[in-house]
Amino acid sequence: MKDTKHPSPVIVEQPELILVGLQATMSLAHNTTMQLWQAFGPLRRTILNKSNRGSYSVQCYADDFMTTPFTPETKFVKWAAVAVTTENDIPNQLEVLKIPKGKWVVFPYKGTTRDFGAFAQYIYSQWLPNSGYQLDDRPHYEFMPEDYLGPNNPQSQEEVWIPIK
């Protein structure tokens, strides 16, 4: 039976991805994502070697992420970034994050950030345990295309990339 509420994901092999951006440590309870993107916005224009016109929202979790309960107080590092062709000529205020090559499950998502929690709950509590895959210890990220409508627009579309093995 097809799950019509949740779109079907695709499994892809992704080569190493070089990102440039800003990072901040936060939790869901003390979420500073908006401030991170506001700080990154003006700096984004100073990056000359972008490999595409989209943006990346990356979450880097602690080594024990897969074995300890995730709570609203659990700290993680979030990045606001863009992909680049090379890590040369990076503006001084920005940092490089290399996402290792590997296998990913990619889900299309349409909706607001407010509704994203229920979608993530479906991925981690239903899809993943029944998929035959396990979560891998690499960053998780969302790719927002150039025409992304914003976090509060219910018509916004993005891709959710979850590392698997």
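The values are calculated or read from the model by the stated rules, or taken from the named source; none is laboratory data. The model shown is predicted, which means the values in this text are computed figures rather than measured ones. Here the Cβ positions follow ideal geometry from the backbone for every residue, glycine too, while neighbour counts run over all protein chains shown. For accessibility, only protein heavy atoms count, side chains too; no ligands or nucleic acids. Shrake-Rupley method; radii C 1.70, N 1.55, O 1.52, S 1.80 Å.
Residues of region 132-165 that are surrounded by fewer than 17 Cβ atoms within 10 Å (Cβ to Cβ) and either among the small types (Gly, Ala, Ser) or within 10 Å of the chain's Cα centre (by Cα) (or both): 132, 150.
With 35, 14 as the choices, which residue is closer than 19 Å to residue 101 by Cα and within 17 Å of the chain's Cα centre (by Cα)? Reasoning before the result, please.
Working: 35 fails: closer than 19 Å to residue 101 by Cα.
Answer to the selection: 14.
For region 1-19, enumerate the residues that are modelled with pLDDT of 95 or more, of a type in the set (D, E, K, R) and either part of a loop (DSSP other than H, G, I, E, B) or open to solvent by less than 50 Å² (accessible area, probe 1.4 Å) (or both). Within region 1-19, 16 is the sole residue that qualifies. When 80, 118, 62 are checked against the criterion of being without any contact (Cβ under 8 Å) to a residue 12 or more places away in the chain and either touching a strand residue (DSSP E or B) at 6+ places or on another chain (Cβ under 6 Å) or aliphatic (A, V, I, L, M) (or both), 118 stands alone in meeting it.
Only residues that are of a type in the set (A, V, I, L, M), closer than 16 Å to residue 10 by Cβ and either part of a loop (DSSP other than H, G, I, E, B) or at pLDDT below 95 (or both): list them for region 116-163, please. Give the derivation first.
As a first pass, look at region 116-163 and keep what is of a type in the set (A, V, I, L, M): 118, 120, 123, 128, 135, 144, 149, 160, 162.
With closer than 16 Å to residue 10 by Cβ added as a condition, the list becomes 123, 128, 160, 162.
Result: 123, 128.
Which residue is surrounded by the fewest Cβ atoms within 10 Å (Cβ to Cβ), if the candidates are limited to region 48-62 and must be more than 17 Å from the chain's Cα centre (by Cα) and over 22 Å from residue 158 (Cα atoms)? Per the stated criteria, the residue is 48.
With the condition kept exactly as written, say whether any residue in region 89-105 is free of Cβ contacts under 8 Å to residues at least 40 places away in the same chain and open to solvent by 50 Å² or more (accessible area, probe 1.4 Å).
Going through region 89-105, the residues free of Cβ contacts under 8 Å to residues at least 40 places away in the same chain turn out to be 92.
Next, from what is left, pick out any that are open to solvent by 50 Å² or more (accessible area, probe 1.4 Å): 92.
Yes - at least one qualifying residue is present in region 89-105.
The residues listed here are 48, 22, 36, 43; of these, the one that is in contact (Cβ under 8 Å) with a residue 40 or more places away in the chain and part of a loop (DSSP other than H, G, I, E, B) is 48. In region 73-92, which residues are of a type in the set (Lys, Arg) and assigned to a strand (DSSP E or B)? The answer is 78, and nothing else.
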